[in-house]
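Just below is one structure, and these are the notes that go with it.
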Amino acid sequence: MSLMRDEALSAPQRIAEQWRVNRDTMAQLGEVLRHRPLHDAMTVARGSSDHAAAYFARLMMQMTGRPCASLPLSLCTLDDTVWQVEHTLALAVSQSGRSPDLIEAQKALKSGGALSLAMVNAMDSPLAHGADHVIDLQAGEEKSVAATKSFLATLSASASVMAHWQQDHALLEGLAALPESLAQACRHEWDFGVEALRDVDKLLVIGRGAGLPIAQEAALKFKETCVIQAEAFSGAEVQHGPMALVGRDYSVLILAPKGNAQKGLVALADTFRARGARVLLAADASVASRDLTVADAPHEALAPLCAIQSFYLMIEALSRVTGHDPDRPEFLDKVTQTR
C-alpha cells in the first residue's frame, strides 16, 4: 500500500468536505465574477496544476464564450512583460502555493489590472496571500510526490467556480452528488489495464474536449511513476502527424468519458484496433467495446473526474508491479523551484 493510493482513495471524502466548507466562499465569488466586467482569463500553473487549469479553461470558454489561455510563465520571469489586463481573470493554481515562477507571474498580472484568483492547498502560502480571492482546495496534506487528490480537488473547485458564476443549477446538483460517483470510480480499479501495460515502454494517451486535460495528466503520471514515455494528444490532433506512430502492437490508452467527444473517440479506437494496435478504451458502461469502465457521473462536465479517479488507482498499481516507488519518483521534488 502506498501513500499515492491512500491519497487517491481519499479524494471522494476530500471533495465532499470541499463542497461543504467552501459553499459560502463559492457563492460570494460567483457574485463577484458576475458583477466584474471580465472579457477573458489567463491561467498560471505548471505540471498537474496546469492540466487542471486547462479543465477550468475548457469549462469557462464553453459556459461563457470568453477566451481563456494558459500563460507562458517565462513572459513574466524572463521577459518582464508589462501587462494590460484590466478586464482579465488571472487564475493561479498550485498545491503548495510556493513556486517562485507562479508567484512572480501572479504578481505581474495583478499589477496589470487583472482580478487575481488563487486555488491552493496551502492557505498560508505566498500565492494565497498575493491573490484578491482564494479558494482552499481542502485536499489535506499531500505526502506523495505524485499529485492525485489535489488534482481532483482542483477540477471539482473549477467546476464549482463556473457553476456558481453562471448559476448553473444542474451542475451545482451534480457537484453535490460527485463524491458518491468518485467513490464508485474507486471500485473500478482497471486491473486489466495494469496487466496490459506492464511491459510497455511507450504509448499515446488520447482524450478530447473536457477529457483532454485528463489525458495530459495521465501521460504525466505514466512518466513520473512508471518511467514510461507517454504523450497526450487530442483525438482530433492525433489524426495528423502522430497517426503515423500507431501501427501493430503500439499501445494507446483512449480516455472517452461520456460527452460530445465520446463517439469520435470510440471510432478512433476501432481504427487503431484494425491496424493491430494495443488499444485500451476507457468509457462508461453504455459503450460495449470498452476495455476499462468509467463510473457514471452526475453531470457530463464531471465525467472526466470519474475517469481520472480510476486511472490513478491503475497507475499506482502499475508503478509497483513494474518495480517503481510511486511515492518517491526519482529526480522529482514535491515543490518545484523554477523561474
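The values are calculated or read from the model by the stated rules, or taken from the named source; none is laboratory data. If you're wondering where the values come from, they're calculated on a predicted model, not measured in any experiment. Cβ coordinates were reconstructed from backbone atoms using ideal geometry, including for glycine residues, and neighbour counts include every protein chain displayed. We work out accessible area using only protein heavy atoms, side chains counted, and drop any ligands, DNA or RNA first. Shrake-Rupley method; radii C 1.70, N 1.55, O 1.52, S 1.80 Å.
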In this structure, the FRET efficiency calculated for Asn260 and Gln13 from their beta-carbon separation, with R0 = 25 Å, to the nearest 0.05, is 0.20
Taking protein heavy atoms only, a 1.4 Å probe, and rounding to whole percent, the accessible area of the chain owed to carbon and sulfur comes out at 49 percent
If amide H atoms are modeled at 1.01 Å from N in the peptide plane, then the residues at a separation of 5 or more from Ala232, or on another chain, having amide H under 5 Å from its own are Val205
Spelling it out for Cys68: with amide H atoms placed in the peptide plane at 1.01 Å from N, the residues 5 or more places away or on another chain with amide H under 5 Å from its amide H are Ala41
Per residue convex hull volume, Cα only, the range 210-321, in Å³ is 97 Å³
So for R0 = 35 Å, FRET eff. of Gln167-His129 from the Cβ-Cβ r, to 0.05, ends up at 0.75
Expressed to two decimals, the chain has a Cα Rg over Rh, using the Kirkwood radius, of 0.96
Per the rule of 0.36 nm per residue minus the C-alpha distance, extending His87 to Arg275 adds in nm 62.8 nm
Per the rule of 0.36 nm per residue minus the C-alpha distance, extending Arg187 to Ala267 adds in nm 26.1 nm
With every protein chain kept in place and a 1.4 Å probe, the chain has an accessible area per residue in Å² of 41 Å²
Residue-normalised 222 nm signal for the chain, counting each DSSP H run of n ≥ 4 as -39,500 (n - 2.57), nearest 500 deg cm²/dmol, is -14500 deg cm²/dmol
For the chain, whose charge dipole is built from +1 on Lys and Arg Cβ atoms and -1 on Asp and Glu Cβ atoms, the candidate among Thr43, Leu280, Pro100 with its Cα farthest towards the positive end is Leu280
Toy charge model, Lys and Arg Cβ at +1, Asp and Glu Cβ at -1: the chain dipole around Cα centroid in debye, rounded to 20, equals 480 debye
Taking a crude spin-label model, label points 7 Å out from Cα along the C-beta direction, the Arg36 to Gln239 distance in nm is 3.8 nm
Computed from every Cα-Cα pair in the range 103-170, P(r) in 10 Å bins starting at 0 and rounded to whole percents is 19, 41, 33, 6
Taking a label point 7 Å from the Cα of Arg198 along Cα-to-Cβ, the residues of the range 1-26 whose backbone nitrogen sits under 17 Å from it are 1
The Rg/Rh figure for the range 129-274, Cα atoms and Kirkwood Rh, to two decimals is 1.00
Per 5 angstrom bin, beginning at 0 and ending with the bin that holds the maximum distance, the Cα pairs of the range 238-294 fall in percents of 4, 21, 31, 24, 13, 6, 0
Of all lysine pairs in the chain that are eight or more residues apart or on different chains, those with Cα atoms under 30 Å apart total 27
With label points set 7 Å from each Cα along the Cα-to-Cβ direction at Asp6 and Arg20, the distance between them in nm comes to 2.1 nm
Zone reached by a paramagnetic label modelled 7 Å from Lys143 Cα along Cα→Cβ, restricted to the range 11-54 with backbone N below 16 Å, covers 11
Filtering trypsin sites (Lys or Arg not before Pro) in the range 33-70 by DSSP loop and by at most 10 other Cβ atoms within 10 Å leaves none
At 4 °C and 1.567 mPa s, the Stokes-Einstein diffusion coefficient in µm²/s for the range 60-153, with hydrodynamic radius from the Kirkwood sum on alpha carbon pairs, is 93 µm²/s
Projecting the Cα atoms of Ala210, Gln262, Pro298 onto the charge dipole of the range 170-311, where Lys and Arg contribute +1 and Asp and Glu -1 at Cβ, the residue farthest towards the positive end is Gln262
With Rg from the Cα atoms and Rh as the Kirkwood inverse mean 1/r over Cα pairs, the range 1-127 has an Rg/Rh of 0.99
